[in-house]
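Engineer: Would you mind keeping the following structure in view while I ask a few things?
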Amino acid sequence: MATRLLFLARHGEQEETATEAPEVGLSARGRRQATLLGERLRGARLDAVHHGPLARAAETAALVAAALPGVPVHRDDRAGDHMPHDTDPTGLPERHAAFLAEFTEEERRDGPRVTAEAVARFATAPAEGDVRELVVTHNFLVAWLVRHALEAPERRWIGLNHANCALTVIRWSDAGPPTVIALNDAAHLPPDLRATGFPDDYHF
């Protein structure tokens with residue numbers, strides 16, 4: 001049986017700045033989140049760590065990988081921060097429709113293309129063997145891969161908010177449909193580090 005066990009993590013909390021520059025790194029809290037995620041994964045048999053191109057994802061991956069000696073780390077643009085689907089806002093709650101309206105025409109065109117490439121790379125069973133990988137990415141791609149695994153309607157990627165450095169684990173196998181094993185698991189983070197980074201943050 002060929003199996004891909006995919007560990008997904010949103011990057012750590014980013015540093016606050018006056019502008020939304022894409023190359024912002026992690027805050028002190030974000031670095032602590034990433035370090036704790038690495039400790040959570042210490043001892044897990046991972047074949048590789050992949051991360052998106054932005055600084056906050058790369059820094060998170062480096063801090064996690066520090067607890068995983070010998071595991072190679074790769075930058076992968078397919079794990080970047082992009083709009084996964086040009087979703088029709090018709091019938092959506094006003095808040096979600098307003099959120100979709102913020103994306104540019106270029107983001108609506110290019111994001112779904114890159115996301116489809118990410119699905120083809122990470123959301124399939126391997127040709128053979130047992131593959132175990134960590135992808136450090138952004139909330140949108142984690143949400144899309146969960147939606148994809150559950151075969152939920154395409155618009156359901158909206159509203160899936162994942163905590164910084166929480167773990168989601170999905171298994172793809174050639175023996176059956178994908179299985180979501182863990183979703184937004186933040187057990188390795190103390191309560192004060194579990195905020196999602198969205199305006200409607202909550203602690204749990």
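Engineer: Considering each of Leu189, Leu183, Leu160 in turn, give the residue that is more than 22 Å from Pro53 (Cβ to Cβ), assigned to a loop (DSSP other than H, G, I, E, B) and modelled with pLDDT of 95 or more.
Structural biologist: The conditions single out Leu189.
Engineer: What do you reckon, is His50 crowded, with 20+ Cβ neighbours inside 10 Å and assigned to a loop (DSSP other than H, G, I, E, B)?
Structural biologist: For His50, the condition - crowded, with 20+ Cβ neighbours inside 10 Å and assigned to a loop (DSSP other than H, G, I, E, B) - is not met.
Engineer: Just need a number here: residues in the range 3-26 that are modelled with pLDDT of 95 or more and in contact with a helix residue (DSSP H, G or I) (Cβ under 9 Å, 6 or more places away or on another chain).
Structural biologist: Number satisfying all stated conditions: 10.
Engineer: Do we find a residue being free of Cβ contacts under 8 Å to residues at least 12 places away in the same chain and of a type in the set (Asp, Glu) anywhere in the range 71-94?
Structural biologist: Yes, the range 71-94 contains at least one residue that is free of Cβ contacts under 8 Å to residues at least 12 places away in the same chain and of a type in the set (Asp, Glu).
Engineer: Do we have any residue at all in the range 58-67 that's assigned to a helix (DSSP H, G or I), closer than 30 Å to Asp192 by Cα, among the hydroxyl-bearing types (Ser, Thr, Tyr) and under 18 Å from the mean Cα position of the chain (by Cα)?
Structural biologist: For the range 58-67, residues assigned to a helix (DSSP H, G or I), closer than 30 Å to Asp192 by Cα, among the hydroxyl-bearing types (Ser, Thr, Tyr) and under 18 Å from the mean Cα position of the chain (by Cα): present.
Engineer: Residue under question is Ala195, and the condition is that it be touching a His at 6+ places or on another chain (Cβ under 7 Å), modelled with pLDDT under 95 and in a loop (DSSP other than H, G, I, E, B); does it hold?
Structural biologist: yes
Results for (1) assigned to a strand (DSSP E or B); (2) touching a residue at least 12 places away in the same chain (Cβ under 8 Å); (3) touching a Pro at 6+ places or on another chain (Cβ under 8 Å); (4) closer than 24 Å to Thr35 by Cα, shown as yes or no for each residue.
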| position | (1), (2), (3), (4) |
| --- | --- |
| Arg113 | no, no, no, no |
| Glu117 | no, yes, no, no |
| Thr124 | no, yes, no, no |
| Val135 | yes, yes, no, yes |
| Phe140 | no, yes, yes, yes |
| Val146 | no, yes, no, no |
| Arg155 | no, yes, no, no |
| Ile170 | yes, yes, yes, yes |
| Thr179 | yes, yes, no, no |
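Engineer: Taking the range 68-107 as the search range and keeping residues that are in contact with a His (Cβ under 9 Å, 6 or more places away or on another chain) and not in a loop (DSSP other than H, G, I, E, B), which one is farthest from Val135 (Cα to Cα)?
Structural biologist: So, considering only residues that are in contact with a His (Cβ under 9 Å, 6 or more places away or on another chain) and not in a loop (DSSP other than H, G, I, E, B), the one farthest from Val135 (Cα to Cα) is Glu107.
The values are calculated or read from the model by the stated rules, or taken from the named source; none is laboratory data. Small disclaimer: the values here were computed from a predicted structure and weren't measured. We place every Cβ from the backbone using ideal geometry, glycine too, and count neighbours over all the protein chains shown.
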